[in-house]
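The values are calculated or read from the model by the stated rules, or taken from the named source; none is laboratory data. This is a predicted model, so every value here is computed, not measured. Reconstructed Cβ throughout: ideal geometry from the backbone, glycine too, with neighbour counts over all protein chains shown.
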Amino acid sequence: MYLIKLSNNVFYTRISTPAILQTSLGYPREIRLSLFTKYRRLATKRNAQLASAIHTLHEQALAENIPYTDFKISLSTKVAEIRQQFCSNLPHVDNPQSKCTSMSIKTRAMPAPAPAPAPAPAPEESVNSLLIGAQELTTELNNFIRSKRLEQVTPLTLTQLNQRCTNFLSYLAKQENCLSAKAANTYRDHLIEKGLSAKTVKEYIAANKQFFDYCERIELIEKNVFKAIKAPK
């Protein structure tokens, strides 16, 4: 089943990766991309476009033994091209895209003016991280808190986790940034500039590190963007 709908009612494309690519080249188990719509008819049309593109790239990867790092770049470029069509043809009643997502699409859809003398370096962010919007992260934050509650975490700790993670997501939306290690580091500096103590900054970073560890475990993202972020001493 290529078309799925999450708890926030937004439709997604979900494509399983061929097993040989997973075992021999370290590809993830599946690719899951938002279709940015809650309407099934529109989602079905968009799903067909993305699914076809992903299958073509998988076939190319199988035929040419393409490393996953190169595949990610090709996939990100192709998805951006297709999603640019989403932006230009969105009906007025169906525009759930966040500013972060729109910004990411426009930036990555621009063609290079001329062939570069050397291939561009791989982007820092993973494919999944680039394409995850604020709405999906907020939904998963609720699921994360629910999971922690099942672990018998105290109500105070749950409240603090929720507040600190929500603070980062709000910052991300206001800055119109996409999820990345750079955005996480900028957020750390933002907390310091606000005059928060080193202890408080450490607690905010620790809370978000837990949340994005969870996001990595459920394969919403490929890498915890807070993994290398450290609080001041």
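Against the conditions (1) under 24 Å from residue 232 (Cα atoms); (2) within 17 Å of the chain's Cα centre (by Cα); (3) not aliphatic (A, V, I, L, M), residue 193 satisfies every one except (2). Residues that are at negative phi and surrounded by 18 or more Cβ atoms within 10 Å (Cβ to Cβ) within region 33-48 comprise 33, 34, 35, 37, 42, 43, 46, 47, listed in sequence order. Determine, yes or no, whether residue 164 is assigned to a helix (DSSP H, G or I), over 28 Å from residue 5 (Cβ atoms), at pLDDT 80 or above and of a type in the set (D, E, K, R). Yes, satisfied.
Scanning region 174-209 for residues that are part of a helix (DSSP H, G or I) and touching a residue at least 60 places away in the same chain (Cβ under 8 Å) yields a total of 0.
Any chance you could count how many residues in region 54-78 are outside any helix (DSSP H, G or I) and surrounded by 15 or more Cβ atoms within 10 Å (Cβ to Cβ)? Residues meeting the conditions: 1.
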